[in-house]
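To keep things clear, I will list the structure first and then write my remarks on it.
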Amino acid sequence: MEPSEIYAACRHRLLALGPTLDAAQVAAPLAATPPWTVLDGYRHLAGVCSDVLDGAMEGGGTPEWTAAQLASRAGCSMAEVCAEWAGRGPDLDARIAAAGGGMVFAASGYPGTLRGTPGNVVLAFGVE
C-alpha cells in the first residue's frame with residue numbers, strides 16, 4: 001500500500017467513526033495525548049491537513065503548532081471538523097501521492113489511540 005492510500009484509509013475510517021460518537025465519547029480524554037479530548041484529536045488531524053495544504057508549516061510538530069490547530073477549531077463541533085477534513089483530505093491524498101514515501105502522517109496511530117479511550121470509543125483499525 002502506498003502512503004497516500006494508508007492516509008486515505010485512516011481518514012475515511014476516522015471520518016466514518018466521528019459522527020457516530022455521542023457527546024461523552026467526543027469529550028472523553030484521548031489516551032495518548034492528554035489533556036486532549038477525542039474531539040481535539042480530530043481538530044488536530046483536520047488542522048494538519050489544512051496546514052500542510054496551506055503551507056503553514058513553520059513550527060510544524062511543535063506544541064505551539066498543534067495548539068494553534070486546536071485553538072482555531074475550538075468552537076467547531078465534530079461534524080464541522082469532520083466536514084473540513086473530508087473536504088480537504090482528497091487534496092492531501094494527492095500531495096502525499098506526489099511526494100511518494102517521503103510524506104507519512106501520524107493519522108495511522110489515532111485509531112489505536114481511540115481504541116484505548118474511555119467511553120467505548122473503539123475502532124478496529126487495520127490497513128489491509
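Can you find a residue in segment 95-102 that is over 16 Å from LEU17 (Cβ atoms), part of a helix (DSSP H, G or I) and at pLDDT 95 or above? No, segment 95-102 contains no residue that is over 16 Å from LEU17 (Cβ atoms), part of a helix (DSSP H, G or I) and at pLDDT 95 or above.
Of all the criteria given as (1) small (Gly, Ala, Ser); (2) on the phi < 0 side of the Ramachandran plot; (3) surrounded by fewer than 21 Cβ atoms within 10 Å (Cβ to Cβ), the one not satisfied by GLY61 is (2). In this structure, is LEU45 within 17 Å of ALA83 (Cβ to Cβ) and touching an Asp or Glu at 6+ places or on another chain (Cβ under 9 Å)? Taking the combined requirement at face value, the residue does not satisfy it. Flag: ASP40 matches the condition of being under 16 Å from the mean Cα position of the chain (by Cα) and at pLDDT 90 or above.
Could you look through segment 1-50, keep only residues that are among the aromatic types (Phe, Trp, Tyr) and assigned to a helix (DSSP H, G or I), and pick out the one that is surrounded by the fewest Cβ atoms within 10 Å (Cβ to Cβ)? Ranking the candidates gives TYR7 first. Would you confirm, using the coordinates I've provided, whether VAL81 is crowded, with 20+ Cβ neighbours inside 10 Å, over 18 Å from ALA99 (Cβ atoms), among the hydrophobic types (A, V, I, L, M, F, W, C) and touching a Pro at 6+ places or on another chain (Cβ under 9 Å)? No; evaluated as a whole, the condition is false for this residue.
The values are calculated or read from the model by the stated rules, or taken from the named source; none is laboratory data. Please read all numbers here as calculations on a predicted model, not as lab measurements. Cβ sites come from the backbone with ideal geometry, for glycine too, and all protein chains shown count toward neighbours.
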